[in-house]
Amino acid sequence: YANEAEIEAVSYYDAVWSAFSYGMDRFRQRGVYITNHSYDEANASKTGISSEFAHYADALVERYPEVIAVASSGNDRSDTARYGLIKDFGNAKNIITVGAVDYDGKLTPFSNTGPVKNGRIKPDIVTKGYRVLSVDAKSDDGYQYMNGTSMAAPAVTGAMALLEEAYLRANQTRMREDTAKALIANTAEDLGRKGPDYEYGFGLLNTLAAVKAIETMDSNDSLVQIREIAPEQKHSYDLHLEGLTEVKMTLSWIDPETGYLPIEALVSDLDIRIVDNDANTVYAFTLDPQKPEAEARQDRFNRLDNVEQIVTKLPRGDYKVIVSVHKAGKEKQKYSLVSTQPLKGFQSDSSYSKIDEFETVIYESVAQ
């Protein structure tokens, strides 16, 4: 796969926005659909802030959803500064922000962590960023081993090229950024605390597992759903399990951009949950930005993230997977849903009314 991929480079120093705006806007005209952004904002006052640069990035991804943007999380973490360290562009909600781990899958001492000040999960994913063979900036043909999230991000960018090739083969169309995010989040190896966290995001990148999920898309047992939902609609899918099974599914969407320093984390807020025949409900993970070291919980709707994930063990039986709209930021919102089990029997109910407060909450798993 991707054996004929080409690389184009743009200098970040040409202008404040050059590396991103040129990559997203003009590269698309040249057939470039995957962009890597291994640079960091020097201004420490912008840590954790979804700034004007992040706002601009979100707007461009919304405009060009098939152009995938990958960014490094930065290298400022220390014993005294542990959380909320990602700066500026890395806090954009619609891009893929990458942290760095070592050979053993442990977060490197320097890799920046979330959350964004409005509570959103960052980074999105981690991969190796320790002793990576890299080009030597001081030589025309030299290499050296380097450490940094700027080494981890290109590995994810390269993986995106492999996923893009697989996606084109299966669908004859290009992959959206939200689909890419759902794929890598759902197939990642969980690291750190159970579920997503502010250190490892959704876990360690597993490119092969993501490709295998894509390859199901031309079958009757597709693990990937891409739909468009209106504010008054509820989408439901049938989930049938033959025995006790660990179920993992991830919902992602490209959220409309917000103004500078937004107070609310989301413009469009979708929800995903699993419901059994007795209305017992399993919710997506939610993190508490006020307690960044705490484990993610599954006892409420997520109001912070445009990537939502459920992991639970469920006994034999039939279940409904429900996607609904809590807050509409546009007339129709496209989303991507990736699951470890095939979801069938899609239905769209236009007479949906919110019953959030009346559902029975089952924390972690109805199997307990």
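The values are calculated or read from the model by the stated rules, or taken from the named source; none is laboratory data. Worth saying up front: this structure is predicted, and the values here are computed from it rather than measured. Heads up, the Cβs are rebuilt from the backbone with ideal geometry, glycines too, and the neighbour counts pull from every protein chain shown.
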I'm trying to understand the selection: among the residues of the range 298-332, which are surrounded by 16 or more Cβ atoms within 10 Å (Cβ to Cβ), out of contact with any Lys or Arg (no Cβ under 8 Å at 6 or more places or on another chain) and of a type in the set (D, E, K, R)? 308, 320
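Is it fair to say residue 128 is at pLDDT 95 or above, buried (at least 16 other Cβ atoms within 10 Å of the Cβ) and of a type in the set (Lys, Arg)? Show your work before the answer.
Details: at pLDDT 95 or above: yes; buried (at least 16 other Cβ atoms within 10 Å of the Cβ): yes; of a type in the set (Lys, Arg): yes.
Answer is yes for this residue.
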Considering only the range 141-157, state which residues are in contact (Cβ under 8 Å) with a residue 40 or more places away in the chain and farther than 14 Å from residue 125 by Cα. 147, 148
Residues (in contact with a helix residue (DSSP H, G or I) (Cβ under 6 Å, 6 or more places away or on another chain) and not in a loop (DSSP other than H, G, I, E, B)) located in the range 100-129: 100, 125, 127
Search the range 76-92 for residues being touching a residue at least 24 places away in the same chain (Cβ under 8 Å) and of a type in the set (S, T, N, Q), and hand back the single one that is surrounded by the fewest Cβ atoms within 10 Å (Cβ to Cβ). 78
Could you list, in sequence order, the residues of the range 157-186 that are under 18 Å from residue 255 (Cα atoms) and acidic (Asp, Glu)? 177, 178
Quick one: in the range 217-241, which of the residues that are outside any strand (DSSP E or B) and farther than 18 Å from residue 336 by Cβ is nearest to the chain's Cα centre (by Cα)? 231
Checking residue 135 against (1) farther than 27 Å from residue 82 by Cα; (2) buried (at least 19 other Cβ atoms within 10 Å of the Cβ): exactly one of these is not met. Which one? (2)
Scan the range 93-122 residue by residue and report those that are touching a Phe, Trp or Tyr at 6+ places or on another chain (Cβ under 8 Å), over 18 Å from residue 254 (Cβ atoms) and touching a residue at least 60 places away in the same chain (Cβ under 8 Å). 99, 101, 107, 113, 114, 115
Mind checking whether some residue in the range 83-95 is in a loop (DSSP other than H, G, I, E, B) and among the polar types (S, T, N, Q)? yes
